[in-house]
Structure formats: C-alpha cells, structure tokens
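Comments concern the structure below.
The values are calculated or read from the model by the stated rules, or taken from the named source; none is laboratory data. Quick caveat, the model's predicted, so the values are computed rather than measured. Every residue, glycine among them, receives a Cβ derived from its backbone with ideal geometry; neighbour counts consider all protein chains shown.
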Amino acid sequence: MKLDNLDKKKKWWNLPVWGEKSILQKLLGILGAGKIIQGKREIDFETVGIHKQALAELRVLTPIAKALDDAKFTSREFKSFLEVKSNLIQGRGEYEGINNFIALLSGAIEAKDSFLKIEQIELSYRSLKQQEFYNYIFELLGKVYGEEKGRKGKPEKNLTKNEFYQEVQKKLDEVIPKIRTEEGKKALESYQKTLENLSKDKESLALKLLQLFKQYDLKDFSILKKISDMVIYLQDKNIENLNECLTLGKANQEIFGKLAQIIGLPESKREPKTYAIMLQYTALSYKHQGSYSQFARLIEVLQQWKSFYQSVISIREEYPRHEYNQPPEFTQEIPGEILYNKYKDYRGLV
C-alpha cells in the first residue's frame, strides 16, 4: 500500500476536525491535562503525593512537639525572659552593645568558686618559688589573651589553650621538686587543676576573666560572690520589670564599677540602668536555663514542622475544593496546628 493513501484509510475519530489533531488526540490531551470531569479538574499524582508525604511528616513531628511543650513557656516571666534575650541579641535601644559583657558576667559568676580558690592558694602559699609560679602563670595568660610584643616590638603569635597548659605543666614540673612541704606541693597541683577547670566552658571566658582580674591588679574576687548573691536574691522576686534590679544596681555601683573596668564595659554604659539589665537577664537566665533548653528544642521541632505545614497549606490553596476533585486527606485536620498557633506570635522564634 502506498504511503500517500494511508490517511484515506483512517477512521472518522482519527481524522482531524480542525488543525492537525484528530478528535481522539484532542480528547486524550484534555484528559491528560487533568481537565473537567463532572465540572471539576483532577489534581496530578505528584502533587497528591507531596501533600500525603508532608502530612505524614507532620504526624511524626507533632507528638515530639507536644512532649516538649510546657505550660511555663507561656508564663509572663518566661515570655519576659525571651523578650529581653531577643532585645540583647538584636541590640535594641538600651540593650545595644551589652550582650557580650553579660556573657562575661555570667562566666565570672560561674567561675567564682574557682577564682576564690586561686585567690586563697595565692594568699596562703607565698614562698619565693610559689610566687614565681603565680607570676609565670600571669605572663602566660598575657600570651594567650594579651598583645605580647617581641624583641622588635611586633606582636607575637598568641599561645593556644593547649600550648598554655603545656607551659603550665612544664613550670609545675620544674617548681614542685623545689617546694619543701607536701602541703605546698599539693597546693600548686590544686592550682593547676583549677586552671584547667576554668577552661572547660566553650569560649574559655573564665580563663580570660582571670587574666583581666590580674591585669587590673584586682585580687579581691569576692566582688563576684557579691554579684552572685544578688542574682540568687532575685530568683524569688518579680523581675519582669527592672525595678528590683535597678534598686540593686544603684546600691552597688562601686562593685559594678570594678567589674565594668575588668570586662571592658564602655564608659557610656557604666550606670545603674545597664547594671540592672545585666542583673535582670542573668537572674532570669539562671532561673530558666533548664526550661530554655527544652523550649529551644521545641522551637527547633516547630520550625521543621512549619516547613511541611506550609507545603500542605500551599497545595490546598492552589487546588481549592470548588475547582478540583480533592482526595479525602485534603480535608483532614492538620496535625499540630493548634500547638503551632500557640507559639507563632513569639517574635522571631518560630
């Protein structure tokens, strides 16, 4: 059969009505594109699958979020703590520029017992060799955190924390045999272990603070205990506002002034209002540190939840019921939506 005669043999439904496509081709095109069936269109399989998978993820995440949820997260004081934390991080208004100094204050309070132990050893054991050891430690701290100059006046490379401890151990090994009493030897060994404890925090803030205390020749570490006592006192007070903290800030300006010098707080910030903010946040942080860890985990889960939630909402809005034949799961309640709505107004956290 000649190829020219093939078109003459086509059935009527395969013949073009207009253009080059036959009735059958046009009908298949309409059905394939998900066109009108009983007045509504069909949703493509890929979209239905994405919706189904997102719902499945929400069903997994919701019980985890519910287990982490706690009534205390919506208390006025906890919300006040979150607000202060956010203000400090963002540097809003009077909170600008003091976040790092609060971290140093917290580090100092955490390390106060170690500082007091070092102070006690230095005051109680004062042979020439022991004093030589203490002075050498200060020199080493300067090489870790200070601007040590070489012979030509150029800054030398700072010691790493590991190099610092290697040098401390070397000096200890050199001095110990020259100490006459066992008690004196044990005191220096305890001193060295206390130094190691000071570097256990991630940023080694405590070790840096020790260097700053010695740099400013402020040997009275008891000011840290006094500030720590203020923080403990505030635990049982209403500190949603600054009134209680401001009273303490005004009454203890001399103590805070000494600490401000050590941690390098700018002169413009050395006033009772700043001290009150530092006290308020530190007290709230200590009071809610356990709760905040749990809350942070909840927020992390809700942020994961939100990404799948947005997929479900987006698909449902794109394929409304009055235009499309929706599968049954399109009308199901979204798992965890009530819990999410509870926290969605927590600024910048969810």
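A few notes on this one:
- Taking the range 315-345 as the range and being under 14 Å from Val48 (Cβ atoms) and in a helix (DSSP H, G or I) as the test, the residues that pass are Ile315, Arg316, Glu318, Pro328, Glu329, Phe330, Thr331.
- Any hit, the range 204-219, residues being modelled with pLDDT of 90 or more, farther than 22 Å from Asn100 by Cβ and more than 26 Å from the chain's Cα centre (by Cα): no
- For His322, the conditions (1) modelled with pLDDT under 95; (2) surrounded by 14 or more Cβ atoms within 10 Å (Cβ to Cβ) are fulfilled apart from (2).
- Enumeration of residues in the range 102-118 that are touching a Ser or Thr at 6+ places or on another chain (Cβ under 8 Å) and either closer than 14 Å to Ala187 by Cα or not β-branched (Val, Ile, Thr) (or both): Leu105, Ser106, Lys112, Ser114, Leu116, Lys117, Ile118
- Cβ pairs under 8 Å, 6+ apart, first in the range 274-295 and touching a residue at least 40 places away in the same chain (Cβ under 8 Å) and of a type outside the set (Gly, Ala, Ser), second buried (at least 16 other Cβ atoms within 10 Å of the Cβ) and not in a helix (DSSP H, G or I): Thr274/Ile98; Thr274/Leu265; Ile277/Ile98; Ile277/Leu242; Met278/Ile98; Gln280/Ile239; Gln280/Leu242; Leu284/Ile239
- Test: Lys40 is at pLDDT below 50 and either in contact with a strand residue (DSSP E or B) (Cβ under 9 Å, 6 or more places away or on another chain) or more than 18 Å from Ile338 (Cα to Cα) (or both): no
- Helices (runs of 4 or more DSSP H) wholly inside the range 157-254 containing at least 1 residues that are farther than 30 Å from Leu128 by Cβ and free of Cβ contacts under 8 Å to residues at least 40 places away in the same chain: 222-234, 243-251
- Checked against the criterion of being at pLDDT 95 or above and within 29 Å of the chain's Cα centre (by Cα), the candidates Ser314, Ser307 yield just one match: Ser307.
- Selection within the range 279-336 - of a type in the set (Lys, Arg) and more than 30 Å from Lys225 (Cα to Cα): Arg297, Lys306, Arg316, Arg321
- If you go through the range 190-237 and keep only what is in contact with a Leu (Cβ under 7 Å, 6 or more places away or on another chain) and under 18 Å from Gln169 (Cβ atoms), you end up with Gln192, Leu198, Ser199, Leu207, Leu210.
- Residue count for the range 262-272, restricted to those that are assigned to a helix (DSSP H, G or I), surrounded by 14 or more Cβ atoms within 10 Å (Cβ to Cβ) and out of contact with any Lys or Arg (no Cβ under 8 Å at 6 or more places or on another chain): 3
- Candidates Leu159, Leu172, filtered to the one that is surrounded by 12 or more Cβ atoms within 10 Å (Cβ to Cβ), at pLDDT 95 or above and more than 30 Å from Val231 (Cα to Cα): Leu172
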